[in-house]
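These notes concern the structure reproduced below.
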């Protein structure tokens, strides 16, 4: 089987439309993961035991089960209990929760990297706890967590391919439907891989550049 | 004022039944070997640590209790914040916030705790930075300042909250020798032209003699001896004070 440039060219629009969904899902999923992860980390540090324990247990559970199973559960099991979401919403929710559990670890480490003396300085100035978090702790956390966040962003971008199994028409589904019509796999699959790489590599460079910029600003 | 204050970490007793009364406007220097409980004393007064037993009373307010005597419910976070807001502390390691400029470090408290307008908070910050001789470096980050400069910002930051009592925890110990002078100068000026009560933990005996109204010598978690600087430093009666002063002054 040899590479067919014409066919490759023909399926580009289809793949790009898939890529658009992949990027959208990743972006929304990541925003959600940031919120979930940060909230989780703060609760685990500052919440009452009644909040802390379930949060820790749930995060542990989410990290200990495959994303694939979680997606199946959200998409095929929950509707049986009356909770039906669109495939797209399920995908975003699944990615957000799954990666939120990982990001909470990243944030937790970042929060712990802030020296005790900084908390005490804020205490001695009688900052409220909200102000301590907002003005003192989180700004110092950001720089620390950036590399970790960048890596998870790229992982999430790649893992969003799993959403194809719950019928989200992202990049991999687009490639599959293209090959399903023609029974040619070489071009769609190769191009899909290349497209993933063409997005993830510059992203990782961007993350590193951002890191350096913030590093200098200290 | 501390009444019969004890602080223990597990089996290790750091302060044992300490009584110390400081008058409004008084400047008290606390000296003693490392490990004698000096820093713990300040941390207790600041409310960063809770005494194992005993009371810490600021004016008529007891720090860890809502009411003013024993047997009361534990203090709320709000009560503690209120008591702490009347006290300022300067740390050995400065503890400036690295993500804020000098001015932001000083203005943050007035702005968000005292709820001044942004303009007022910044003006107060600028005035205080000028007072510690750093108005030209107001927009630098802590990492761009020398240790002495950082410590002066930290003093300005604590003063910006308008405390009745200022606590200084070995504020020159982390500095290179040539930077000690500039920080002590600021402190000296403060002692002269503000009525603020000062509790100064220090190794600078000469400075204690010059600035303090009273010197307290702490040993083994107790006050071994206290009195006017000249009396205590030139003519100590306690054997431990003598040994300590000999060791320090011989350097």
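Rule-based calculations on the coordinates, nothing more; no lab input. Values in this document were obtained by computation on a predicted structure and should not be read as measured data. Positions of Cβ are generated from backbone atoms using ideal geometry, with glycine treated the same way; all protein chains shown enter the neighbour counts.
Points to keep in mind about this one:
- Between the stretch B:98-119 and the stretch B:136-185, the C-alpha centres lie 16 angstrom from each other.
- Chain B, helix-only ellipticity at 222 nm - DSSP H runs n ≥ 4, -39,500 (n - 2.57), divided by all residues, nearest 500: -11500 deg cm²/dmol
- Build a GNM of chain A with springs between Cα atoms under 10 Å apart, and of A:130, A:208, A:63 the one that fluctuates most is A:130.
- Among B:27, B:78, B:131: highest mean-square fluctuation, GNM of chain B, C-alpha pairs under 10 Å: B:78
- Per-residue average of Cβ from other chains inside 10 Å of A:134-147: 2
- Take each residue in B:88-99, count the other chain C-beta atoms within 10 Å of its C-beta, and the mean is 5.
- Within a Gaussian network of chain B (alpha carbon springs, distance under 10 Å), most fluctuating of B:114, B:41, B:190: B:114
- For the stretch A:1-102, the spread of Cα coordinates along the three principal axes comes to 62, 31, 23 Å, biggest extent given first.
- Global form of the stretch B:98-162, assessed from the alpha-carbon gyration tensor, a/c cut-off 1.5: prolate
- Cα shape, chain B, gyration tensor, a/c 1.5 rule: oblate
- Prolate/oblate/rounded label for the stretch B:210-251 (Cα gyration tensor, a/c 1.5): oblate
- With a 10 Å cut-off around each Cβ of A:126-133, the average count of Cβ atoms from other chains is 4.
- The rule of thumb for compact globular proteins, 2.2 N^0.38 Å, goes into the C-alpha radius of gyration of the stretch A:5-216 1.21 times.
- Between helix A:138-159 and chain A: long-axis angle, C-alpha atoms, 0 to 90°, nearest 10: 20
- Between 0 and 90°, nearest 10: helix A:186-216 axis offset from chain A longest Cα axis: 20
- Acute angle (nearest 10 degrees) that the helix A:171-182 long axis makes with the longest principal axis of chain A, alpha-carbon atoms: 10
- Normalising the average separation of contacting C-alpha pairs (under 8 angstrom, six or more residues apart) by the number of residues puts the relative contact order of the stretch A:88-217 at 27 percent.
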